[in-house]
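To start, the structure under review is shown below, and the notes come after it.
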Amino acid sequence: MKECETLRLSVDGAVLWVTLDRVEARNAIDMTMRDELLGVMDMLQTRRDVRAMVVTGSGRDFCTGGDLAPKPTPADPQSAAAAAPARRSALDRRVPVAKFQELFRAYWELELPVVSAVNGTTAGAGWMLALLADIVVAARGARWIHAFADRGMVPHAGDPFFLSRVLPLRQIAEVAMLRERFTSEDLHAWGAVNRLVEPEQVLPTAKDLAERLAQGPTRSLGVAKALYRRALSSDMATAFREEAAAVAMISETADRVEGVQSLKEGRPPRFVGE
């Protein structure tokens, strides 16, 4: 497993644990973490031994969004002059936004079961890191702060697209406009959190769920996940075509054959992820 500067990665059985590890910055996502998370998504395209993933945070926070810490200002006039063009146009701000959009698109489209273990405060882009997982486990009393309006910002990094697919419209209005603070209990009441547990049970619960997912028919689960997510943005005809193609693609896989055979033999299936 490749060493990372901002993440702790470990494989437990068939489960990859991704722990955000910038405790001093409350696990805010800086450019390095963004690139390392993208690297994890890319790596998972070829890691057949990994059949589920858990995302969590170090310390008391899950993820407090993008890192807004001010960058050092060049001390000498020549360096300052060289940096000036990057500040001239607001359009330049599209570049870092696009990279974060790329991250969350890769996360959304990842054909691997994902559990988020929300151990503490979640803010800004951290909402997507938590809620775009397939199963969300959250600590009772953990704070959720949308943060964009607090900073006079427009929600970005894909937030308007993705959150509108996991939260009801009326709740999105509260989250994005009223600048209120929420808790895991609120998110659970909205149907956005699957398991609401005591703080000390977040990781054990996530571990149990991820191991159950990792014992499933990995390819079938991944394709099913993709079908459901694409159906949120497609018409019926397109969804039906993709469904038919997926059925044909999976029909001869080892796990599909095992699923039918185990039914005939009256025993639990033994899936291998292929």
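The values are calculated or read from the model by the stated rules, or taken from the named source; none is laboratory data. Remember, predicted model here, so these are calculated numbers, not experimental data. Glycine also receives a Cβ, built like all others from the backbone with ideal geometry; neighbour counts cover every protein chain displayed.
Does any residue of the range 256-269 turn out to be of a type in the set (S, T, N, Q), outside the structural domain of ARG51 (by TED's automatic domain parsing) and within 24 Å of LEU132 (Cβ to Cβ)? No, that holds for no residue. Before we move on, is ARG241 without any contact (Cβ under 8 Å) to a residue 40 or more places away in the chain, of a type in the set (Lys, Arg) and in the same structural domain as ARG51 (by TED's automatic domain parsing)? It is false that ARG241 is without any contact (Cβ under 8 Å) to a residue 40 or more places away in the chain, of a type in the set (Lys, Arg) and in the same structural domain as ARG51 (by TED's automatic domain parsing). Can you tell me which residues in the range 162-183 are touching a residue at least 24 places away in the same chain (Cβ under 8 Å) and part of a helix (DSSP H, G or I)? Matches in the range 162-183: PHE162, LEU163, VAL175, ALA176, MET177.
The lone criterion from (1) outside the structural domain of TRP108 (by TED's automatic domain parsing); (2) modelled with pLDDT of 95 or more; (3) among the acidic types (Asp, Glu) left unmet by GLU274 is number (2).
Selection over the range 1-40 of residues that are surrounded by fewer than 16 Cβ atoms within 10 Å (Cβ to Cβ) and polar (S, T, N, Q) gives a count of 2. A residue that is among the polar types (S, T, N, Q), more than 16 Å from ARG26 (Cβ to Cβ) and modelled with pLDDT of 95 or more cannot be found anywhere in the range 54-64. Scan the range 126-176 for residues that are modelled with pLDDT of 95 or more, hydrophobic (A, V, I, L, M, F, W, C) and in contact with a Gly (Cβ under 7 Å, 6 or more places away or on another chain) and the total you get is 3. Listed by position, the helices (runs of 4 or more DSSP H) contained in the range 184-274 that have at least 3 residues being surrounded by fewer than 16 Cβ atoms within 10 Å (Cβ to Cβ) are 202-214, 218-231, 236-250, 254-265.
Name the residues in the range 1-38 that are of a type in the set (Asp, Glu), more than 20 Å from GLN101 (Cβ to Cβ) and part of a loop (DSSP other than H, G, I, E, B), would you? GLU3, GLU5, ASP21 - these are the residues of the range 1-38 that are of a type in the set (Asp, Glu), more than 20 Å from GLN101 (Cβ to Cβ) and part of a loop (DSSP other than H, G, I, E, B). In the set (1) among the charged types (D, E, K, R); (2) more than 30 Å from ARG241 (Cβ to Cβ); (3) in contact with a Pro (Cβ under 8 Å, 6 or more places away or on another chain), the condition left unmet by LYS225 is number (2).
Of the residues LEU221, LEU196, the single one that is modelled with pLDDT of 95 or more and either touching a strand residue (DSSP E or B) at 6+ places or on another chain (Cβ under 8 Å) or polar (S, T, N, Q) (or both) is LEU196.
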